[in-house]
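What follows is a single structure, written as C-alpha cells, with notes after it.
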Amino acid sequence: MITIKTDAQIERMRDSGKITKETLDFIGSQIRAGMSTKELDSLAYDFIRSCGAEPSFLGYSGYPASICASIDDMVVHGIPSDNEIIREGQIVSIDVGVIYNGWQGDAARTFCIGEVSPLKKKLVEVTEQCFFKAIENLRDGSPIGDIGFSVQSHAESNGFSVVRALTGHGIGREMHEDPSVPNYGRRGTGIRLKKGMAIAIEPMINAGTFKVDFMSDGWGVRTKDRQPSAHYENTVVITDDGVEILTL
Ligand code: MF3
Ligand code: CO
C-alpha cells in the first residue's frame, strides 16, 4: 500500500531527513585510510543517538549495525567489521537510516579515499548524476518508470550498468514501503507518483556487469565480475511541481 503524507507528516520527515544527512556529512568528515568500517559504524551510532534519533538499520531483520559500508566491488549492505580496514584508492559506499519521532530517513553516499582510479572517480560521479537525472522532471503525476529510464540511460550512456536485483522504495513510518522504485525501465510506464508520496531513490551502478552475487553472511551484495560499484541515495517527497530532497 502506498501512503500519502500530510504536510504535518512531511514536516516530521524533514527532521529525520536532516539527521540522516548530517550523519552522512559527519561520516564524510571522519572517513580516512587506516580506519576500520566498524569504527565508522560506532561513530555513526553515537552521532545518531546524540541527535535523539535511532539507527533504523540496527536490528532490522537482524542486521547487526547502524550503517552499511560497502567497499569497491561490494554493491550494498556491507556489514561493518573490525577486520576491514579502509585503504587509499578505495571507494566506500555508506548507507544510513534513522528514525526520529517515528519517521524514517534513508540516504547513501560513495566516498573516494585519497586518490582513486579515473574509472572509480567517474563511476562515483555518474552514480550521483543518475540520481539528479532521475528527479529532473519528476513531479505530481510522473510515471515511476521515468525514474528507472533516466537512471539507466545516464548510466549506460557512460558505459556502466544498473543493478536490477535491488531497488529504491517508498519510505515513511517504515523504512521500506510501497512502491518499489527500480533503477531501470521505460519512460511513461508504471504507477503515477502523487504529491505527498515519499520515496528513496537509490541508483546502484556497476562499472562492469549488472549481475551480482549474494554473500554468505546473508547481507553483502558484490558485483559478479568484482569490478567496482557505487551507490547514491536520497529520500525525496513528491510536490506539485517537482520533488523536495529531504536528505541533502
Ligand atoms: N538503506 C537500505 C535500503 O535502502 C537498507 C539497508 S538494509 C539494512 O534499502 F538492513 F541494513 F537496514
Ligand atoms: Co533505501
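How large is the Kirkwood hydrodynamic radius of the chain, in angstrom, based on all distinct alpha carbon pairs?
Hydrodynamic radius (Kirkwood, Cα pairs) of the chain is 17.8 Å.
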Label model pair Ile2, Ser61: point-to-point distance (7 angstrom along the Cα→beta-carbon line) in nm is 2.2 nm
Label-to-label distance, nm, for residues given as Glu136 and Lys224 (7 Å Cα→Cβ offset): 3.0 nm
From the backbone phi of segment 103-114, what are the Karplus-calculated ³J(HN,Hα) couplings (6.51 cos²θ - 1.76 cosθ + 1.60, θ = phi - 60°) in whole Hz, Gly and Pro given as x? 10, 9, x, 8, 7, 8, 9, 10, 9, 8, 9, x
Met204 long-range amide H proximity, modeled H, under 5 Å: Val163
At 222 nm, what value in deg cm²/dmol follows for the chain if DSSP H runs of at least 4 each add -39500 (n - 2.57) and the sum is divided by all its residues, to the nearest 500? -9500 deg cm²/dmol
With a 25 Å threshold on alpha-carbon distance, the violating pairs from Lys133/Lys194; Lys122/Lys195; Lys120/Lys194; Lys21/Lys133 are Lys122/Lys195; Lys120/Lys194
Say R0 is 45 Å: what FRET efficiency, to the nearest 0.05, do Thr239 and Ser216 get from their beta-carbon distance? 0.55
Around Gly34: net Lys/Arg minus Asp/Glu count, Cβ-Cβ under 11 Å: 0
Please find the FRET efficiency linking Ser42 to Glu125, where r is the Cβ-Cβ separation and R0 is fixed at 41 Å, and quote it to the nearest 0.05. 0.90
Under 13 Å, Cβ to Cβ, from Ala207 - net charge with Lys/Arg +1 and Asp/Glu -1: +2
Mean Kyte-Doolittle of at least 0.0 and a Cα length of 15 Å or more along the axis: which whole DSSP H helices of the chain meet both? 118-135
How big is the dipole moment of the chain about its Cα centre under a simple scheme where the beta carbon of each Lys and Arg is +1, that of each Asp and Glu is -1, and everything else is neutral? Debye, nearest 20, please. 520 debye
Please report, in debye to the nearest 20, how large the charge dipole of segment 1-134 is about its Cα centre when each Lys and Arg carries +1 at its beta carbon and each Asp and Glu carries -1 there. 300 debye
For segment 7-245, the per residue accessible area (1.4 Å probe, Å²) is 41 Å²
By the mean-Cβ-within-10 Å protection proxy, highest first, 16-29, 95-108 rank as 95-108, 16-29
Given the peptides 74-80, 40-46, arrange them by the average over their residues of other C-beta atoms within 10 Å, most packed first. 74-80, 40-46
How high is the FRET efficiency between Ser157 and Arg192 when r is their beta carbon distance and R₀ equals 30 Å, given to the nearest 0.05? 0.70
Using alpha carbon centers only, segment 198-213 is separated from segment 115-177 by a whole-angstrom value of 7 Å
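The values are calculated or read from the model by the stated rules, or taken from the named source; none is laboratory data. Just so it is clear, the structure is predicted and the values come from calculations on it, not from any experiment. Positions of Cβ are generated from backbone atoms using ideal geometry, with glycine treated the same way; all protein chains shown enter the neighbour counts. SASA here: full protein model, heavy atoms, side chains in, ligands and nucleic acids out. Shrake-Rupley method; radii C 1.70, N 1.55, O 1.52, S 1.80 Å.
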